[in-house]
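Chemist: Below is a structure I'd like to ask you about.
The values are calculated or read from the model by the stated rules, or taken from the named source; none is laboratory data. It should be emphasised that the depicted structure is a prediction, and the values quoted were computed from it without experimental measurement. Note: ideal-geometry Cβ built from the backbone for every residue, glycine included; neighbour counts use all protein chains shown.
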Amino acid sequence: MALLRHELPDGSGHFDWLLAVSLRPGDEERSVICLRTLVPPWPAPAREASLSLERVADHRGLYLWLTAPRELDERGIARPVMRGNWQSIGAENRLMIQARWSDGSGAVWLFNDALTRATCLDW
């Protein structure tokens, strides 16, 4: 799991919340779920707070391991913000995860079916 700040050439930006679905995806393997948001999931918001998300195309594994800003040609710059890990903790018919960031903080997130909203249940 990783959180990137994507700064666009026009000065705007967003966060990309990356969730790996395999333990160590290959650098060029496009299998990392990417959820775009204007409000980052780290640090954890108040309990019951929701994030609006946009599921975009799966990203390459190399973005999970960025340690420095990466130029994206005409698409701006991706800056690493935080890394961590996640595990599914089970919810009937919906994705619920426990996210643990590398600074020791964490939260439990419940996603809607379309992965367009996540609610912080606990931290």
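Chemist: Report, by residue number, each residue of the range 93-115 that is closer than 28 Å to D27 by Cβ, in a loop (DSSP other than H, G, I, E, B) and not charged (D, E, K, R).
Modeler: Once the filter is applied, which keeps residues that are closer than 28 Å to D27 by Cβ, in a loop (DSSP other than H, G, I, E, B) and not charged (D, E, K, R), the range 93-115 yields L95, S102, G104, S105, L115.
Chemist: A further question follows. Please state which one of W17, W42 is of a type in the set (F, W, Y), at pLDDT below 95 and within 11 Å of the chain's Cα centre (by Cα).
Modeler: Result: W42 is the single residue among W17, W42 that is of a type in the set (F, W, Y), at pLDDT below 95 and within 11 Å of the chain's Cα centre (by Cα).
Chemist: Now a separate question. Go through the range 48-68 and count every residue that is among the aliphatic types (A, V, I, L, M), closer than 15 Å to H6 by Cα and in contact with a Cys (Cβ under 8 Å, 6 or more places away or on another chain).
Modeler: So the count comes out to 2.
Chemist: Being basic (K, R) and farther than 12 Å from L115 by Cβ is the filter; apply it to the range 5-58 and report the residue that is surrounded by the fewest Cβ atoms within 10 Å (Cβ to Cβ).
Modeler: R24
Chemist: Now, a different point. Suppose we filter G61, G26, G76 for residues that are more than 25 Å from L8 (Cβ to Cβ) and more than 11 Å from the chain's Cα centre (by Cα); which single one remains? Show your work before the answer.
Modeler: Numbers: G61 fails: more than 25 Å from L8 (Cβ to Cβ); G76 fails: more than 25 Å from L8 (Cβ to Cβ).
Going through G61, G26, G76 in turn, just one is more than 25 Å from L8 (Cβ to Cβ) and more than 11 Å from the chain's Cα centre (by Cα): G26.
Chemist: Another question, then. So D113 clears everything in (1) touching a residue at least 24 places away in the same chain (Cβ under 8 Å); (2) of a type in the set (D, E); (3) out of contact with any strand residue (DSSP E or B) (no Cβ under 8 Å at 6 or more places or on another chain) except one condition, right? Which one?
Modeler: The one condition D113 does not meet is (1).
Chemist: Please list, ordered by first then second residue, the pairs with beta carbon atoms under 8 Å, 6 or more apart or interchain, first in the range 42-60 and outside any loop (DSSP other than H, G, I, E, B), second of a type in the set (D, E) and loosely packed, with under 13 Cβ neighbours inside 10 Å.
Modeler: Pairs that qualify, where the first residue is outside any loop (DSSP other than H, G, I, E, B) and the partner is of a type in the set (D, E) and loosely packed, with under 13 Cβ neighbours inside 10 Å, are R60/D27; R60/E28.
Chemist: Okay, moving on. Would you check which residues across the range 72-92 are without any contact (Cβ under 8 Å) to a residue 12 or more places away in the chain, farther than 16 Å from I33 by Cα and not in a loop (DSSP other than H, G, I, E, B) and list them?
Modeler: Residue satisfying the conditions is D73 alone.
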